[in-house]
Each structure stands twice: as structure tokens, then as C-alpha cells.
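Below: the structure, in C-alpha cells.
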Amino acid sequence: MRYSKLFGKTLRQAPAEAESISHRLLLRAGMIAQIAAGIYSYLPLGWRVLKNIEQVIREEMNKAGGQELMLPVLQPFELWQQSGRCLSFGQSLFTLTDRKEHKLALGPTHEEVITELAHHCVQSYRDLPLLLYQIQTKFRDEPRPRGGLLRVREFIMKDLYSFDVDEAGLDESYEKMSQAYKNIYARLGLPALLIEADSGAIGGKESHEFMVITENGEDEIIYCSNCSYAANAEKAQFAKTVILSEAKNLLPLEEIDTPGTKTIEGVAGFVGVSTNQTLKAVFYSADGEFVFVIIRGDLEVNETKLRNTLKCSELRLATEGEVSEAGIVDGFASPIGIKDVKIVADDSITLGANFIAGANKPGYHFKNVNYPRDFQVDLMGDIALAHSGDNCLKCGSRLSSVRGIEVGHIFKLGTFISKKMEASFLDPNGASWPIVMGSYGIGLGRLLAAIVEQSHDDKGIIWPLSIAPYQVYLCPLYLDNPEIAPLAEDVYHKLEKEGIKVLFDDRDESPGIKFNDADLLGIPLRLTLSPRTIQSQSIEVKWRVGRETQLVPLENLAAEVNRLLREKLAQRSVS
């Protein structure tokens, strides 16, 4: 490819609205262009990278036994009603109505469609197991698109679905896909960490994310360096301390005067206790229903855990008006005496006694509040947010945290979708059973962005050779020299004839501009032809990573470049 004909130009500065490193560099390199919030075009260089990533993923899916197919973007809304997931996806589900007033959805994922297909095509246990996948465009109405390709509203995703006869089969498919994902990340040069994750709107009983550690990551990972426990902060559990209070001798409830102390810290300081001896009240609206949440004062509510406990799709903090309308005295509230309001508690309220809590009237609190003696709850569970410094639930060591970018998510769906959509099979005895399913997704654009976040320097992108838009950047200098131009053309044609993918910088630009663009674009191998190298009938060879250069004879150059590229790929596969 001749650079002079390439669509998409480099920029000296990224637009001011570019947030993440990958967003800035991909815009500056002319690889993507923003059309609207969360909507991007891939320009030729970026598209070549994306297609190379796609090919790596396709090869690993095929190697694992996957069969590729293509499912429709437009999906009948009835399928989402049948599965019940139209509620869990909520407003992120794009919908439209056709000319016949039939409601459709733009697929954010394809569990419903693939399960409907299985319902019609799978009849016997002999038809299973199955691994079916596609690489397809998805749509999600993200409330806050950000980070360039990291969180968008339209994206390309590889999604594979496994179909098995039982849980043991699902475990085997899950492990097979987990290994396939590890192979993909290894080929892409990404050190991805497998962690426990929340299943979110996809659903299912268990899920894991693959995370790439980076200080600019949008997710927080809680991990234990002692026992290798790791989980997304949305999912992470920790060992909650047990608060001993006079050997759990339950003291009588007592109202005390606490004027002007509305915060946990203020109340604890006024009474002379630590915050873990208090109960905190937090108020939410869950699918329009007012919810009173009670948690120990030293802890915070994990809203993802709370949403899962409530099984709601829309969760937000209640407004002042909603709190007042529910008859709650903000700053002095507790569940004692509260009626006609759903009360959800964190299990930390059982790990202590004689707490301080609101008295439900301005300026007053109760001493010696105890559950269940003084109040009841409708739901109880782990709804607390884990932090660095908390104790590991598995080994008791201190937990730590890092930032990361999700580059893959795998789910054990089980039978909750297949049951609702009547996707079943007959066993050897003729009995009907629901198919046991798994779901496995990789967002290609997000993966591309994560590679840039992980692999760059202050000059630009550093693409792994396996997915670079071109393998070689041919950089002739001083094209006005009568010897340079014809020799550069000859080198270009010989490299292409050898099957080497070359970006030929045939522009009449200064050496500085060409070298800067070469570094920005991140193409692995740069070949520089100049009057100096011509004198020795050679060309300067330099890898994008590292400062060392070497002179390679022009004679048999194409074969030598091919050898260098093969060696580099072999080094990557070994590492």
C-alpha cells in the first residue's frame, strides 16, 4: 500500500475530548473516526488491525471445535419477552417498530436467537454437545459511552454459545473456551488475568472475566496475592470483621439525644464509638419501588450486589422527595418501626450487637439496636463493597486492588434461558431435558483498544506483529535524489512479491515527519532507504521496539526480511 493513497491521515494532537490513551492514539494514527457518542468508523489501518484480530479469534474458535454461523441483528422483541431479559437489559436494549407495528430489538447479544435456533434444530442427545459462534455487530444504548472503543453503543463481538446435556458437559465446554481465550490473548501479546465476575444482564449462575491490568482501566480488580483469589469489585467478597460487644449481651434499647449529627462519622464521634458499631441507612428506588437498605456503618453498599439481591433492572439512589414521601427522616433513620417499606440488609448487621442507629425522628438515635430483636428485614445477604485492605474470605490475608480492562467474559448460563424458550433434547430413554448452555463473548474493538493501552510508548502505538496493519514500513528518504525513488520502487515490489505486507511511504516529506508517523502507526519493522545506505548497497532495519538498527544488504532483501519476521513471530509464540 502506498502511503500517498492511504485514506486517513495522522494528527499531531488528539482532539480535546479524547479520554483514554488508546482513544488518543487511535485518533492520532488515523485508525478510527468518531461519528457520534459511542459510534465510530474504522478507517483502513484500523480495520486491517481489527480483521487480523478477528482471524486470530476465528482460528482459536475453530481449533476448539466451534462452528461459525451468522445470526440476524434484528430480533423479534417477543423473544426477549419470552426469556424475560428485556427487563434486565432495560434501557440499554435498542428497540424499533417496523411498518406493520411489529416491535423489534437490535441485538445487544444473541442468546435468545441462538436458543430459538436450538429449539428447532436440536432434538436428541446425539445432537449435543455443540459450540456455535459468530462475529457480528451488536448494539447497546450505553448511558455513558466513554474511553473511545472501550465503551461504545455499536460494536463487533465474537459470541460463542455452548449446548450440553448436563452440568459436567458445561464444565468441559467452559474449560475448553477458557483455554481458547488464553490462547488468543497469548497470540495477541496480552497478559490477561482470569477473575470472578458478576453475570449482569446476561444472567447465569457463574461467570469469569479476562482482565488486562492497566492504570487507566475502567474496572477495579480486588485480589489476594497469597491465595490467588481475584474478582471484579462488582463481585468481590471479603471477610467481614465480627464486632464483639460485651459478649453479645443484648442491652435494652435506649433513645439518646444527638442534635445535628446526620452522618455516620458524626454520630459515632458524638456517642464515642467506632463506625463499625453503627448502622447506616441508604435509600434506593428499584424498578420504581422505594427500598430501605441497612448496612453496618463501616461498610459501603455494592449496588451491583444489591441489584442482584433485589432482582431488579433499574436501581438508583432515591431522591429527597421519595425519601420524604416514604415517611423517612433522612439522617436519623433506622428500620425500627418502619412499615410498608421493603427493607434489605447486609449480613454485617448480624456480626455485632448493641449498634447505634437512627430513632426515626430529628435529633435522636437509638443505642443498643439489635437484629432481629428490634427490627425485621425482607431480604438479607452480602451487599457490601470490598476494598483494598479488607481480609480475604478464602485465606484471611489482606486484599489489594488494581485497575483493569475487560477483554473477555464467559458465562455458565445453565438452563434458565433454555427452559423459558423450550430448547430441550430427548435422552436415551426418551425423556425430555432442557439444554445446558454457556455463553462466551469477546468485543473486538475493546480488545484492539486494550492492546494499545498495554502496548505503546510516548511516540505512539506498538502493534504485535500478529495483528499489525502492515508488517513493514518502507521509508525512503530524500525522494528527490534520482537514485532513491527507483530503488525504493524496486524494493517495494520485491517485498510484495514475497508476500510481505508493506506500507510504502512514498510521500515527499521530511525524514522527521516520516519517522514520527512510522512510530505513531506502530508498524513492527521499519526499513529506511537513504543516500547513506545506498553507498553500501544496504537498507537500515529497525524494529519498532528498541533503538538498535542494522544494515541489511539489498541483495536477497525480501528473503532476509521474511526470515526476520518469522523469527519475531516464533519468539512471540514461545514467550
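Just flag the trypsin sites (Lys or Arg not before Pro) in the range 96-153 sitting in loop per DSSP whose Cβ has no more than 14 other Cβ atoms within 10 Å. Intermediate results must be reported in sequence, preceding the final value.
Working: sites: ARG99, LYS100, LYS103, ARG126, LYS138, ARG140, ARG146, ARG151, ARG153; in loops: ARG99, LYS100, ARG140, ARG153.
Qualifying residues, ordered by number: ARG99, LYS100.
Taking the Cα centre of the range 142-251 as origin and assigning +1 to Lys and Arg Cβ atoms and -1 to Asp and Glu Cβ atoms, the resulting dipole is close to 360 debye. Using a 4.7 Å Cβ-Cβ cutoff, the cysteines of the chain lacking any partner cysteine are CYS86, CYS121, CYS312, CYS475. Projecting label points 7 angstrom from Cα along Cα→Cβ for GLN55 and LYS497 puts them 2.3 nm apart.
So, R0 is 25 Å and r is the distance between the beta-carbons of ASN62 and ALA559; what FRET efficiency does that work out to, to 0.05? Please report the intermediate quantities before stating the final value.
Working: r = 31 Å, r/R0 = 1.24.
Approximately 0.20, to the nearest 0.05.
Within the shell defined by Cβ-Cβ distances under 11 Å, the residues around TRP433 carry a net charge of -2, with Lys and Arg each +1 and Asp and Glu each -1.
How big is the antiparallel share of DSSP beta bridges in the range 470-574, given as a percent to the nearest 5? Don't skip to the end; give the middle numbers.
Working: 9 of 17 bridges.
For the range 470-574, the DSSP antiparallel bridge percentage is about 55.
If you take the Cα centroid of the range 206-283 and the Cα centroid of the range 54-74, the two points sit 43 Å apart. The slack in the chain from ARG126 to SER4, taken as 0.36 nm per residue of separation less the alpha-carbon distance, amounts to 38.2 nm.
Among ILE435, ILE184, ILE256, which comes first, then next, by fewest other beta-carbon atoms within 10 Å? List each step's numbers first, then the result.
Numbers: ILE435 30, ILE184 23, ILE256 15.
The most exposed by this proxy come first: ILE256, ILE184, ILE435.
Helix 167-187: angle to the longest alpha-carbon principal axis of the chain, degrees 0 to 90, nearest 10? Here the helix axis deviates by roughly 40 degrees. Distance from the Cα centre of the range 403-448 to that of the range 305-339, in angstrom? Each part reduced to its Cα centre gives a spacing of 34 Å. Among LYS311, LYS280, LYS412, the ranking by other beta carbons within 10 Å of each residue's beta carbon, starting with the fewest, stands as LYS311, LYS412, LYS280.
By the count of neighbouring beta-carbon atoms within 10 Å, fewest first, LEU96, LEU521 end up ordered LEU96, LEU521. In a simple Cβ point-charge model (Lys, Arg +1; Asp, Glu -1; nothing else charged), the range 288-426 has a dipole of about 460 debye relative to its Cα centre.
Have a look at LEU253, ALA353, MET380 and report the one farthest towards the positive end of the charge dipole of the range 241-396, computed about the Cα centre with Cβ charges (Lys/Arg +1, Asp/Glu -1). Result: ALA353. Here the Karplus relation 6.51 cos²θ - 1.76 cosθ + 1.60, evaluated at θ = phi - 60°, turns the backbone of the range 399-407 into coupling constants of 7, 10, 9, 9, 9, x, 10, 6, 10 Hz, with x for every Gly and Pro.
Give me the number: length gained by fully extending GLU206 to GLN13, i.e. 0.36 nm times residue separation minus the C-alpha to C-alpha distance, one decimal in nm. Write out the running numbers ahead of the final one.
Values: separation 193, 0.36 × 193 = 69.48 nm, distance 4.37 nm.
Value of the extension gain: 65.1 nm.
Think of each Lys and Arg Cβ as +1 and each Asp and Glu Cβ as -1; about the Cα centre, that makes the dipole of the range 474-575 roughly 600 debye. One chain, two ends: LEU117 and LEU426. Fully extended at 0.36 nm per residue, the span grows by 109.6 nm beyond their Cα-Cα distance.
Helix 484-497 and the longest principal axis of the C-alpha atoms of the chain enclose an angle of approximately 60°.
Throughout, read-outs are computed from the coordinates displayed, never taken from laboratory work. Everything numeric here is computed off the predicted structure, so don't read it as measured data. Positions of Cβ are generated from backbone atoms using ideal geometry, with glycine treated the same way; all protein chains shown enter the neighbour counts.
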